Amino acid sequence: MALNQRKAAVVGCGFVGSASAFALMESGLFSEMVLIDVNREKAEGEALDISHGLPFAKPMQIYAGDYRDAEDAAVVVVTAGAGQKPGETRLDLVNKNISIFKSIIPEIVKYNREGILLVVANPVDILTYAAAKLSGFPENRVFGSGTVLDTARLKYLLGEHLGIDSRSVHAFIIGEHGDSEIAAWSSANISGIPLNAFCEMRGHFNHDKAMKEIAEGVKNSAYEIIEKKGATYYGIAMSVRRICEAIIRDEKSILPISSIQHGDFGIDGIALSMPAIVGRDGVEGAVPIRLSEDEKTALQASAKTLKKVLESAF
């Protein structure tokens, strides 16, 4: 069956899946969206609730379904999995969620072999690798939300620090979506002005201290939110919307998505986040990024952390 470029499927209707479905409804990108969950009534309830906002948005069909209903979806967003609890790291979820993926991914590909698999469940890097192997899809059509959210958090905190619009901040978090992630300060700029120079324009001169505090703030954001309200979902929902925009509109946007690496910076055979061009065909190519020697070392250490977890899980 030919793909319907105006159709999405969301697998998993927990906090993240439901918030993502709501964000996608508001985006106007799709004219049809199916929600799939092991708890069919939960999916039905979310579909009804989101549908009741349609008079204030764009016309579309939102309904609960099963994997067969995803057969012509251009994008299948996979959020299903155990959530991160207070005190847990994302990597603590590995075995539980790989087990869940072993039942989910074959069901998706039984009916849909042409769409894009967007993995959002955590640990996203490990599960992106698992989804690629379990699906047999070309690697360009299986990728994770990666550090798109972490990068947004970095831009937000830098915008707050400098008193500027966060959309004028150009910077990436790379590596693992988790504790070993790296703020790529060497390539960061504010509308083309090197970061340190712009900071000094705004009266900030203690660069090392500020960079350390902001990077820690990004890394610990999820823990803080989970501690305060039990789960994070609005930020990641907006990240899912942004990635889907790049795909459906064929924007060729550069986003730090998680995909399987093949040799850059000596990293091979694992999924982690690096800037990449994202469009209608999924990942269209890696984008070179300038890193300091310390950042390269930290990136390779992040990769080793992921590889060790991957080897124990598979």
Counting only residues that are in contact with a helix residue (DSSP H, G or I) (Cβ under 7 Å, 6 or more places away or on another chain) and open to solvent by less than 10 Å² (accessible area, probe 1.4 Å), how many does region 136-161 have? 9
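Conditions tested, residue by residue: (1) touching a His at 6+ places or on another chain (Cβ under 9 Å); (2) outside any helix (DSSP H, G or I); (3) of a type outside the set (A, V, I, L, M, F, W, C).
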| residue | (1), (2), (3) |
| --- | --- |
| HIS204 | yes, yes, yes |
| LYS219 | no, no, yes |
| TYR223 | no, no, yes |
| LYS228 | no, no, yes |
| SER239 | no, no, yes |
| ILE243 | no, no, no |
Looking only at region 264-298, count how many residues are part of a helix (DSSP H, G or I) and within 25 Å of LEU117 (Cα to Cα). 1
Total residues in region 167-187, condition more than 23 Å from PHE143 (Cβ to Cβ) and not aromatic (Phe, Trp, Tyr): 4
Being in a helix (DSSP H, G or I) and either touching a Ser or Thr at 6+ places or on another chain (Cβ under 8 Å) or open to solvent by less than 20 Å² (accessible area, probe 1.4 Å) (or both) is the filter here; which residues of region 109-135 pass it? VAL109, VAL124, ASP125, ILE126, LEU127, THR128, ALA130, ALA131, ALA132, SER135
Taking the criterion of being out of contact with any Ser or Thr (no Cβ under 9 Å at 6 or more places or on another chain) and closer than 30 Å to ASN4 by Cα, would at least one residue in region 255-271 satisfy it? yes
Which one is most open to solvent (accessible area, probe 1.4 Å) among residues in region 243-279 that are over 22 Å from HIS170 (Cα atoms) and without any contact (Cβ under 8 Å) to a residue 40 or more places away in the chain? HIS262
Considering ASP72, ASP49, which residue is closer than 19 Å to GLY282 by Cβ and charged (D, E, K, R)? ASP72
Can you find a residue in region 43-51 that is modelled with pLDDT of 95 or more, of a type in the set (Val, Ile, Thr) and open to solvent by 40 Å² or more (accessible area, probe 1.4 Å)? no
For GLU200, are the conditions met, namely being within 17 Å of GLU295 (Cα to Cα), in a helix (DSSP H, G or I), out of contact with any Ser or Thr (no Cβ under 6 Å at 6 or more places or on another chain) and open to solvent by 30 Å² or more (accessible area, probe 1.4 Å)? no
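The values are calculated or read from the model by the stated rules, or taken from the named source; none is laboratory data. None of these values were measured; they are calculated from a predicted model. Neighbour counts are summed over all protein chains in view; Cβ atoms, including those assigned to glycine, are modelled from backbone coordinates with ideal geometry. Calculation scope for accessible area: heavy atoms of the full protein, side chains included, ligands and nucleic acids excluded. Shrake-Rupley method; radii C 1.70, N 1.55, O 1.52, S 1.80 Å.
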